[in-house]
Amino acid sequence: MPGYMVITFVCANCGKMGMANPELVMSIPCRREGRQFVPDPDGQREPICRDCAVQALERIRSGDPKLTSVSPLLRQPDYLARAYDQPEEVE
Ligand SMILES: [Zn+2]
């Protein structure tokens, strides 16, 4: 068995299905309205997909002042690969 966990989820930003490492996946605060998620600073954090994470990372790295509480993890260059690409640590 592979030594890692993966969660599948509906992206809180775009609604597509996503897969990621549950401990590393990027999430945004939002709330559920019916079957959709709406961004809400007071909401609970819900995971977002890789495509949305790429866009969010670009905003984080360009210094978007709204994204203040960013985990140092997200600033690591290999974050996306670790969070969203299947690890192949079989050695
Ligand atoms: Zn998405």
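Quick notes on this structure:
- Per-pair calculated FRET efficiency, R0 = 22 Å: N21 and R75 via Cβ, rounded to 0.05: 0.85
- Gyration tensor (alpha-carbon) shape descriptor, region 7-84, a/c threshold 1.5: oblate
- What the phi angles of region 11-28 give under the Karplus curve with 6.51, -1.76 and 1.60, with θ = phi - 60°, is a coupling list of 4, 6, 9, 10, x, 7, 6, x, 9, 6, 6, x, 8, 10, 4, 6, 9, 10 Hz, glycine and proline written as x.
- Neighbour cut-off at most 12 other Cβ (10 Å), DSSP loop, trypsin sites (Lys or Arg not before Pro), region 9-71: R35, K66
Where a number appears in this text, it was derived from the coordinates with a stated rule and is not lab data. All values derive from a computational prediction rather than experimental measurement. Neighbour counts are summed over all protein chains in view; Cβ atoms, including those assigned to glycine, are modelled from backbone coordinates with ideal geometry.
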